[in-house]
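Bear in mind that the values in this text are calculations on the coordinates, not laboratory data. Because the structure is predicted, anything quoted here is derived from the model rather than measured. Note that we place each Cβ from the backbone using ideal geometry, even for glycine, and neighbour counts take in every protein chain shown.
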Amino acid sequence: SSAIAQQASRFAFEQLAPQTDGTVHVPSGYTWDVLVRWGDPLFSDAPAFDPKTGIPTKGSDRVFGENTDGMELFHKRGTELLVVNSEYVNAKINLPAEQDGQPASADDVTRLQNFQGVTVMEVAEGENGWDVVFDSPYNRRIHHRTPMAIDGPAAGHDLLKTAADPTGTQSLGTFNNCGSGRTPWGTYLTCEENFNSYFGTTEELSLSDVHAAGFKRYGVSTKVDPGRYNYHGFDARFDISQNPNEPHRAGYIVEIDPWNPDATPVKHTALGRFKHENAAYALAPNGQVVVYMGDDERGEYMYKWVSRDVYVHGGDTSTLLSEGQLFVAKFNDDGTGTWLALTPEDTGMTEAEIAVFTRMAGTAVSATTMDRPEWIAVNPTAVEAYCCLTNNSRRGALDDDGNIRTNAAGEPMVPNAPNPRDVNRYGQIVRWRPHNDDHAASTFDWDLYVMAGNPEVYTDGLYAGTANINAGNMFNSPDGMQFDSTGLIWIQTDGDDDNEGDFLGMGNNQMLAGDPVTGEIRRFLTGPNGSEVTGLTWSADRRTMFVGIQHPSAPFPDGEGALPRSTIVTVKRADNALVG
Ligand code: FEO
Ligand code: CA
Ligand code: CA
Ligand code: CA
């Protein structure tokens, strides 16, 4: 870019070149350090991490979980709590090699379950950087067996009742915790994404039509096989031949009070059941709480929750995620859009059915099929929000019979205005501005903030990307996203990192900063081979960024001969100036 553009830039760093190695890189003038790795102790009685075999089952709920993802920092009177999702487990590296990723006992299943869920941990900065505070009274692991309360329209409904919980209001565990969110009243939101993969069957099934349709739409396997994790082989709760309602108790937004280690997390069914990516809140001018949410699956939808009651600082917040209205997004070709209310009148479903089978409710009102909605972020300095549409290789592609491929509802995934590309390998970020500067409004204007692409491989056309993509800042598959307090948008990627063909010049997965006003995008950080960069939050003083490195294939961060470990790194300016 020209010298003038350089001067006009709001970025306080020079663009980092793409990288292809096994470690983390940041621009000159910045430093990074390891905060915590999968298996690091939260308590002084935790087992030691073995560089070849990891962590044994006993004590596996006393360490930092695997596959770090969404995270948020909370602070109060000088205490800082980092609350972090552990999305899934790499069973191949957590179980003996000869088992090839399959559990052989209930003990194996327990170990896998303990490495997932949510970690609450106190962190503090000392002379040698940031550390976890061992044995802090706030430290807590929430995993696949932690008691949860269920509220909202589906609570107590027959679809949620099981032999172990005939009330349908109390479940065990939160699953596949992907992106994060927070509330204005200081609680954490963890978002259940690919929950379907934890369920299976040990017998041929004879399912009700309702169960069969739901399992099909949500991808719960009805085949008699071990599946991805084979919990069902050792724990009947995950066997849908025994407990067909158990999958209806996952796929929600779950609220956690980080300041009370004894508080029971709450699954808020009012916010819908789908493959939740994250939950981004905004306050409407009148104080109603708005929560934007994406459903990360090819051809699924974007959603918005609007509370019935208003948020008042220090007031009653108990209804704000249970009483209100859920909407689904309809994008029009002319740059306008509508949030369609998911009501019994418009969907032909009861409130409880809308809460459990939210995807079907979206189909009933003809929502717009999207290219895998991942994180949504709300600009704190303008009334607008952004959603990463990470990629959709099946849009516009033909199936074996020569028909356009469909989503799980059978809707053909033809290109549409916000998802304009066939075989979309690069992804895009859609932005919307609610009418009347009111996030609770039912109409909005939208545009594409960026279409990722490769202008070196495709010199023109849609695969070159939009004008704010150039040879220097190429990336694919935007996924994680957060605004900083100054209104810069930070974009994290989870895409193809082979640096070949369509992806030549992009290098490893990365984090970039974007200026919402000028559209300028600049690479800031790169992850090690095989990793995705996901999860971003800031210390209370905004001098440290916490960045998640998930599923490296390189032996990061410990080096040759060690297991690869998902890791949270801290990033600071060498002069300790603000970083957002
Ligand atoms: Fe867990 Fe859609 O990312
Ligand atoms: Ca993601
Ligand atoms: Ca992703
Ligand atoms: Ca991931």
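A few points about this structure:
- Values of log10 I(q)/I(0), in the order q = 0.17 Å⁻¹, for the stretch 376-533 under a Debye, Cα-only, solvent-free model: -1.02
- Estimated at 0.36 nm per residue, the fully extended path between residue 350 and residue 76 surpasses their Cα-Cα distance by 94.5 nm.
- P(r) tail fraction, the stretch 109-228 - alpha-carbon pairs more than 26 Å apart, %: 34 percent
- Taking only the Cα atoms of the stretch 10-159, the ratio Rg/Rh comes out at 1.04, with Rh defined as the Kirkwood radius.
- Calculated on alpha-carbon atoms, Rg and Dmax of the stretch 274-317 in Å: 12.7, 40
- Set against the 2.2 N^0.38 Å expectation for a compact globular protein, the stretch 313-378 has a Cα radius of gyration ratio of 1.31.
- Geometric extent, Cα atoms of the stretch 47-97 - Rg, Dmax (angstrom): 14.0, 47
- Exposure proxy shown here: for 98, 127, 122, the number of other Cβ atoms within 10 Å sets the order, fewest to most, as 127, 98, 122.
- Per-residue ellipticity at 222 nm from helix content only, as computed over the chain with -39500 (n - 2.57) for each DSSP H run of at least four residues, stands at -2000 deg cm²/dmol.
- Calculated from the alpha-carbon coordinates, the stretch 218-330 shows an Rg and a Dmax of 17.1, 52 Å respectively.
- Using alpha carbons only: equivalent-ellipsoid semi-axes of the stretch 95-147, gyration tensor based, whole Å: 31, 15, 7
- Cross-link reach list, lysines versus residue 52, counting only Cα pairs under 19 Å and skipping chain neighbours closer than eight places: 92
- Working value for the stretch 242-400: equivalent-ellipsoid semi-axes of 26, 21, 16 Å, each the square root of 5 times a Cα gyration tensor eigenvalue, largest first.
- Per-residue Cβ neighbour counts within 10 Å put 120, 26 in the sequence 26, 120, beginning with the fewest.
- The Cα-based radius of gyration of the stretch 467-580, divided by its Kirkwood radius, gives an Rg/Rh of 0.98.
- Scaled radius of gyration (Cα, divided by 2.2 N^0.38 Å) that the stretch 7-84 gives: 1.53
- Computed on the Cα atoms alone, the convex hull of the stretch 63-142 gives a volume of 103 cubic angstrom per residue.
- For q = 0.21, 0.23 Å⁻¹, Debye-computed log10 I/I(0) when each Cα of the stretch 128-189 counts as one equal scatterer: -1.05, -1.13
- Cross-linked pairs 267/330; 76/304; 58/216; 161/304: Cα-Cα separations exceed 32 Å for 58/216.
- Taken along its principal axes, the alpha carbon cloud of the chain reaches lengths of 68, 58, 56 Å, longest axis first.
- Protection proxy ranking, peptides 425-432, 103-110, 355-362, 74-81, average beta carbon neighbours within 10 Å, highest first: 355-362, 425-432, 103-110, 74-81
- Long-range tail of P(r) for the stretch 412-490 (Cα pairs > 19 Å, %): 47 percent
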